[in-house]
Every structure is written in C-alpha cells, then in structure tokens.
C-alpha cells in the first residue's frame with residue numbers, strides 16, 4: 001500500500017510514513033515545519049482522528065490531537081519534534097531528504113532524531129483508533145517544532161500559551177531513549193527518566209593591554225589559554241546522581257561476575273574516574289552522567305592585530321546534573337581556574353527536578369514481552385529535550401521510542417551524522433510497543 005492510497009479505514013506502513021516525513025525538509029534553522037505539520041494532520045484526519053495546527057508563527061505550527069479514553073487513567077501525552085538538524089558539509093552516501101528505503105533501512109535526516117519516533121507514534125495512534133482500542137484514558141499527541149533550537153515555537157510555546165491542552169497528564173513518552181544497546185553481551189533498553197540542565201557560562205580574563213611590538217607576559221590571552229588547558233586536563237568533580245545509580249545497579253544486576261562487580265565500582269566515588277578510563281569508549285559515553293561538563297565553543301578578544309587585548313571572553317557550553325544550581329557549577333569552574341578568571345552564568349534555565357517512576361515497570365514489561373533478552377534500565381540524558389518544558393506542568397517524561405537494534409548499530413554515533421538511518425524492523429518494533437502502551441498505561 002502506498003501513502004497515496006491512504007484512506008479512512010487504512011493506514012500507511014510505518015516505514016512509508018517515515019519516508020514521507022523525511023521528504024519534508026525541516027532543517028532548523030529555519031525550520032519551516034508547516035508543510036510537514038499539515039501532512040501529519042492530514043494523515044490523521046484521513047483515518048478519522050481529529051487534529052489541528054496551532055502555533056504563534058504561521059510557518060512553524062504544531063500538530064495537536066486528542067483521542068478520548070475510558071477515563072480510568074489520567075491522559076497520556078505522546079510528543080515528538082518534526083524539525084531536524086542541518087546536513088551541510090556532511091558526506092552522505094544518499095540524498096539526505098530522499099527518504100530512501102535500502103537494504104532494510106530507511107535513510108535520511110531525522111530517521112532517528114526524531115521523525116522515526118513520530119512515525120511510530122502516529123502509527124500506534126491510528127491503529128488504536130481504527131481497531132477501536134479501549135484506551136484507559138485520553139491520549140494526547142503533540143508533534144512540535146523547534147526542538148533542535150530550544151522549542152521556542154514548539155513545546156515551550158505550547159506549555160506557556162496553552163497548558164490546558166495537557167491538563168491532567170502525569171506521564172509522557174517522547175525522546176530520548178528506548179533504543180537497545182549491547183554491553184558485555186547483554187542487551188539493555190535505555191529509558192530516559194531525567195535530563196541534564198543547559199547553562200551557558202561566560203569566562204572572562206583581564207590583563208594589561210599594549211602594543212604588539214613589545215614583550216608582554218601574563219596577558220588576558222595567556223591567562224585564558226592557561227585556563228583552557230586546565231579545563232581540558234582536569235575533569236570537573238564526579239557526582240553519583242540517583243538516576244545514574246539506578247542505571248548502574250540495574251545493569252550490573254543483569255551481568256555475571258566479574259562484569260557486575262566491575263560496573264558497580266562506577267558508583268563508588270573513590271573509583272569512578274579510574275573505572276571510566278578503563279572502560280575506554282563506553283566510559284567516554286558514560287562520563288557525562290557522572291559530572292557537569294563545560295566545553296569552550298566561542299572565543300572573543302581583541303580588535304586589532306597589533307594590540308594586546310585587555311579582555312578575552314570564552315563561551316562555555318555547560319550541562320549540569322539535575323538538582324544542581326548554576327552557583328554549584330561556577331564554584332567548580334573557579335576551583336580549576338583560580339583567581340585569574342571571572343565566571344558569569346548568562347543563560348541558565350533551571351529544570352524542575354521531578355522523578356515519577358510509576359510508568360517504568362509497564363514500559364519494561366512491554367519490552368520484555370517483545371524481546372525476552374532485553375533489560376530495561378533508567379537513564380539520565382546527558383543533553384536536553386523538550387521534556388524540560390513539559391516538566392513545568394508536572395509531567396514526567398519517559399524517553400521511550402523503543403527500537404530493537406542490531407548489536408553493531410551505534411545509535412548515538414548515527415544521530416545528527418551523515419547517513420542517518422533506521423532499520424525498518426526497529427520501526428515496526430517501536431510501533432507495536434507504543435500500541436501496547438496505549439492499551440495499558442493505567443497499570
């Protein structure tokens with residue numbers, strides 16, 4: 001069945017749906033998600049599901065739909081974003097917006113992040129409607145814009161301008177998680193239950209300026225250079241966050257000795273750093289879950305090539321563990337830098353630190369039913385998602401776009417990269433899992 005043949009009483013295959021979504025170029029910036037949003041609305045309307053476009057920018061509208069349930073459970077929110085990151089200067093083997101189906105994979109920008117997830121959500125919702133599934137409660141679907149640039153026309157705007165759309169919802173499923181990852185021969189499904197906080201910090205070095213023809217020491221540029229070398233060589237202090245502890249304990253409990261004992265050393269602060277280094281690539285991926293991070297991104301200083309600047313500033317992209325304040329981060333940076341550098345938090349938006357694990361066992365049971373070898377573990381997301389906006393309404397997001405991936409497939413290295421792609425079998429797995437959730441989110 002092709003997408004053109006979609007009519008009331010039928011629905012496109014989830015892979016065909018993803019192909020159509022990819023063919024709408026929603027690169028952000030500028031986004032221009034309207035045509036893609038209208039397509040999603042029309043597909044939902046075509047099978048009899050009411051859906052509307054809503055937004056504060058006519059070129060960047062969101063799709064919101066609500067299916068009525070029995071009222072035995074609070075509403076469940078499913079949300080995903082339809083904008084994607086740029087492909088400029090990436091060496092793709094296929095055109096990134098062709099939506100090619102090749103060797104069992106759908107290729108294209110957004111296949112993983114996150115039009116694949118959007119296709120799975122839409123498939124599950126359409127199936128529930130077409131099969132007259134008894135929903136425990138209302139199901140809200142929100143397909144949003146601008147996630148890749150802050151959510152200002154998407155989730156942030158919806159939460160601020162129309163919180164009534166989400167009234168009563170306690171749980172949501174969205175990105176980032178649910179994918180399988182093989183570690184020491186065991187398959188784990190990483191379920192995001194918390195995420196780090198973004199904080200932009202300005203580091204400032206000051207010193208005497210002067211003419212470039214003279215000998216100068218201890219200038220603003222050299223002070224800043226010394227700090228950046230220290231920052232590169234000195235990790236910020238390790239912290240054992242409750243969610244990271246839960247993740248490590250769940251993974252180690254599913255591994256045999258000595259692997260389980262080795263992994264547990266990660267949550268002993270005396271051994272955390274050494275264990276992460278011994279774990280090689282896996283340790284590098286896990287390290288951000290154990291500490292705040294700070295990376296220099298923009299350096300400014302000087303106006304003329306022959307004048308020593310008296311001030312140099314560096315923008316630090318910082319990601320903080322949940323529950324900490326910007327002052328905690330600034331104190332750790334100051335301890336590394338010493339008195340020569342001044343720090344200012346110039347863009348910090350605290351995220352409510354909520355953790356409601358009430359839906360986790362249901363998600364884990366669904367995964368086990370579909371993949372008895374899989375173990376679900378809670379995960380702390382090292383970056384940010386739209387979950388921070390819905391948390392303002394007290395909604396606990398589970399990053400749960402289930403994908404049973406081949407052991408050699410590296411999810412984290414494939415998103416945002418050239419040749420982004422997803423197995424068709426993973427899309428089918430996720431669509432089935434989400435449909436099962438719609439039947440039993442009251443458990």
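Going residue by residue through segment 223-239, is there one that turns out to be more than 29 Å from residue 353 (Cα to Cα) and in a loop (DSSP other than H, G, I, E, B)?
no
Quick one: which of 413, 304, 351 is out of contact with any helix residue (DSSP H, G or I) (no Cβ under 9 Å at 6 or more places or on another chain) and either crowded, with 17+ Cβ neighbours inside 10 Å or farther than 28 Å from residue 282 by Cα (or both)? Show your work before the answer.
Values: 413 fails: either crowded, with 17+ Cβ neighbours inside 10 Å or farther than 28 Å from residue 282 by Cα (or both); 351 fails: out of contact with any helix residue (DSSP H, G or I) (no Cβ under 9 Å at 6 or more places or on another chain).
One residue alone meets the criteria, 304.
Against the definition (in a strand (DSSP E or B), modelled with pLDDT of 95 or more and surrounded by fewer than 17 Cβ atoms within 10 Å (Cβ to Cβ)), how does residue 52 come out, yes or no?
yes
Being under 30 Å from residue 208 (Cα atoms) and free of Cβ contacts under 8 Å to residues at least 40 places away in the same chain: is that true of residue 335 here?
Details: under 30 Å from residue 208 (Cα atoms): yes; free of Cβ contacts under 8 Å to residues at least 40 places away in the same chain: yes.
Here the answer is yes, as residue 335 does meet what is asked.
Please work out which residue is nearest to residue 318 (Cα to Cα), limiting yourself to segment 282-298 and to residues that are over 20 Å from the mean Cα position of the chain (by Cα) and surrounded by fewer than 14 Cβ atoms within 10 Å (Cβ to Cβ). First the steps, then the outcome.
Step one: filter segment 282-298 for residues over 20 Å from the mean Cα position of the chain (by Cα), giving 296-298.
Of the ones still in play, those that are also surrounded by fewer than 14 Cβ atoms within 10 Å (Cβ to Cβ) are 297-298.
Working: 297: 10, 298: 13 Å.
Among those residues, the one meeting the criterion is 297.
Output the residues belonging to segment 280-333 that are within 13 Å of residue 202 (Cβ to Cβ) and not in a strand (DSSP E or B).
Looking only at segment 280-333, we keep the residues that are within 13 Å of residue 202 (Cβ to Cβ), and these are 294, 296-301, 311-318, 326, 329-330, 333.
Result: 326, 329, 330, 333.
Please enumerate the residues belonging to segment 138-165 that are in a helix (DSSP H, G or I) and either surrounded by fewer than 23 Cβ atoms within 10 Å (Cβ to Cβ) or under 18 Å from the mean Cα position of the chain (by Cα) (or both).
Residues of segment 138-165 in a helix (DSSP H, G or I): 147-149, 155-161, 163-165.
Selection gives 147, 148, 149, 155, 156, 157, 159, 160, 161, 163, 164, 165.
Go through (1) in contact with a strand residue (DSSP E or B) (Cβ under 8 Å, 6 or more places away or on another chain); (2) under 30 Å from residue 391 (Cβ atoms) for residue 323 and report which single condition fails.
Result: residue 323 passes all but (1).
Of everything in segment 259-272 that's modelled with pLDDT under 95 and farther than 28 Å from residue 361 by Cβ, which residue is surrounded by the fewest Cβ atoms within 10 Å (Cβ to Cβ)?
270
Say whether the condition of being within 30 Å of residue 343 (Cβ to Cβ) and in contact (Cβ under 8 Å) with a residue 12 or more places away in the chain is met by at least one residue in segment 260-268.
yes
The values are calculated or read from the model by the stated rules, or taken from the named source; none is laboratory data. Everything numeric in this text was worked out from a predicted model, so none of it was measured. Here Cβ is always computed from backbone atoms with ideal geometry, including for glycine, and neighbour counts include all displayed protein chains.
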